[in-house]
1. If THR5 satisfies all but one of (1) in a loop (DSSP other than H, G, I, E, B); (2) in contact with a Phe, Trp or Tyr (Cβ under 7 Å, 6 or more places away or on another chain), what's the number of the condition it fails?
2. So how many residues does region 226-254 have that are buried (at least 19 other Cβ atoms within 10 Å of the Cβ) and in contact with a helix residue (DSSP H, G or I) (Cβ under 6 Å, 6 or more places away or on another chain)?
3. Within region 263-293, can you find the residues that are within 22 Å of ILE307 (Cβ to Cβ) and not aliphatic (A, V, I, L, M)?
4. Against the condition surrounded by 14 or more Cβ atoms within 10 Å (Cβ to Cβ), on the phi > 0 side of the Ramachandran plot and not aliphatic (A, V, I, L, M), how does GLY102 come out, does it pass?
5. Is it fair to say ALA267 is outside any helix (DSSP H, G or I) and either outside the structural domain of GLU135 (by TED's automatic domain parsing) or of a type in the set (Asp, Glu) (or both)?
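The values are calculated or read from the model by the stated rules, or taken from the named source; none is laboratory data. None of the values given here were measured: they were computed from a predicted structure. Note: ideal-geometry Cβ built from the backbone for every residue, glycine included; neighbour counts use all protein chains shown.
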Amino acid sequence: MTTKTIPADKLRTWLEQLIASGPVFAPQRDEDGFLAFAEIRDPEQVILEFGNTVAPAKALFFPRSEALFELRDLGDVPQIEDNLPPDRPWVLFGARLCDTKGLALLDLLFQDAEPDPYYTRRRQTCTVIALTCVEPQLECFCESSVQALSEPEGADIVLTPLEGRFLVEALTEKGEQLLADASASTEPSGGLFADATDEDAQAKQELVARVAEAQVRRISFDGIRDRVAERHEDEDFWRAETRACVGCGICTFLCPTCSCFDIMDDAIGSEGRRYRCWDSCQFGQFCLEASGHDPRAEQWQRQRNRIGHKLYYSVDRLGRITCVGCGRCIRHCPVNIDISRIIGQLQSERKPEEAPAEE
């Protein structure tokens with residue numbers, strides 16, 4: 001693994017080089033002042049200050065809505081025109097490690113035995129440059145859940161802010177190639193990087209340890225799959241934890257790993273298209289069957305499904321939990337439902353066999 005450093009005052013030069021080579025998406029302020037990923041034209045647009053984007057990076061790879069293919073001359077044998085993303089390189093710059101961990105988990109879903117061609121094309125053409133946080137937000141618990149800080153995944157390069165410089169670590173062949181291209185380029189882009197030292201590596205370890213320690217939501221995930229499974233039929237528990245829920249779906253739409261979608265067909269005259277758009281297990285009609293039966297007719301059942309999906313079903317299916325501890329579902333919930341508190345409750349609740357015997 002190649003490990004370099006770049007002076008903080010040369011980061012702009014590197015960004016200019018990346019922008020000249022192809023599309024670059026990075027955090028910037030939207031028209032309402034919120035942090036959001038968008039294509040940049042100037043390095044001055046990039047915001048690397050404290051705080052995460054409102055929406056996760058997954059939207060760049062798995063869009064909220066996208067046309068899958070177009071139909072022409074609708075008849076006995078309609079013409080189908082695929083709508084795959086462009087096959088050109090692009091860069092995602094400044095994604096936080098919770099988001100890139102989310103991408104690694106989405107890879108398990110969308111690039112299994114039958115890879116999704118739309119997601120896969122975007123992942124293959126993108127080089128992801130992640131950014132290590134220098135302090136956590138109040139709702140963060142990424143180190144407790146998936147060790148996002150100490151065991152980064154889903155990125156090709158990880159940038160870590162140090163005193164007057166950034167540590168630059170290539171994690172994949174794409175990352176190695178991007179650094180090699182930058183190092184081999186001519187002035188003014190050449191000479192951006194220097195070899196990292198043991199002191200640089202030690203400084204990063206100390207930063208990661210400080211940020212992890214500063215995460216106030218330090219939660220034990222040991223055995224959480226079994227604890228959720230044991231509480232699956234405990235209606236009183238789930239009703240109590242869901243009492244305030246209004247079923248808005250914010251928790252799922254802002255989650256880096258939620259991947260539910262609906263597929264629709266539209267046709268007007270001799271033309272049509274098939275598209276998919278995000279859906280949410282928190283919506284009342286999500287499981288509604290044509291017969292009128294709804295296996296999750298009440299909101300507590302939907303909330304149970306959300307928690308179960310992250311901590312129980314995903315372990316059985318993927319071998320891993322799929323809550324990356326980014327805190328978005330806590331931060332933006334209109335009624336203050338807190339998944340970290342629910343996990344704490346699950347871990348503190350005694351199993352039936354653990355109840356003390358009556359004297």
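1. Every listed condition holds for THR5 apart from (1).
2. Total satisfying the criteria: 8.
3. Residues of region 263-293 within 22 Å of ILE307 (Cβ to Cβ): 278-288.
If the condition is that a residue be within 22 Å of ILE307 (Cβ to Cβ) and not aliphatic (A, V, I, L, M), then TRP278, ASP279, SER280, CYS281, GLN282, PHE283, GLY284, GLN285, PHE286, CYS287 are the ones that fit.
4. Details: surrounded by 14 or more Cβ atoms within 10 Å (Cβ to Cβ): yes; on the phi > 0 side of the Ramachandran plot: no; not aliphatic (A, V, I, L, M): yes.
The answer is no for GLY102.
5. Spelling it out, ALA267 is indeed outside any helix (DSSP H, G or I) and either outside the structural domain of GLU135 (by TED's automatic domain parsing) or of a type in the set (Asp, Glu) (or both).
Results for (1) buried (at least 22 other Cβ atoms within 10 Å of the Cβ); (2) over 17 Å from the mean Cα position of the chain (by Cα); (3) more than 24 Å from CYS251 (Cα to Cα); (4) among the β-branched types (Val, Ile, Thr), shown as yes or no for each residue.
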| residue | (1), (2), (3), (4) |
| --- | --- |
| PHE110 | no, no, no, no |
| ALA113 | no, yes, yes, no |
| ARG122 | no, no, yes, no |
| LEU138 | no, yes, no, no |
| SER144 | no, no, no, no |
| GLU151 | no, no, yes, no |
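Listed here are the residues, each with its yes/no results for (1) exposed (fewer than 13 other Cβ atoms within 10 Å of the Cβ); (2) within 20 Å of PRO161 (Cβ to Cβ); (3) in the same structural domain as LEU179 (by TED's automatic domain parsing); (4) at pLDDT 95 or above.
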residue: ASP9; (1), (2), (3), (4): yes, yes, yes, no
residue: ILE19; (1), (2), (3), (4): no, no, yes, yes
residue: PRO27; (1), (2), (3), (4): no, yes, yes, yes
residue: PHE37; (1), (2), (3), (4): no, yes, yes, yes
residue: GLY51; (1), (2), (3), (4): no, yes, yes, no
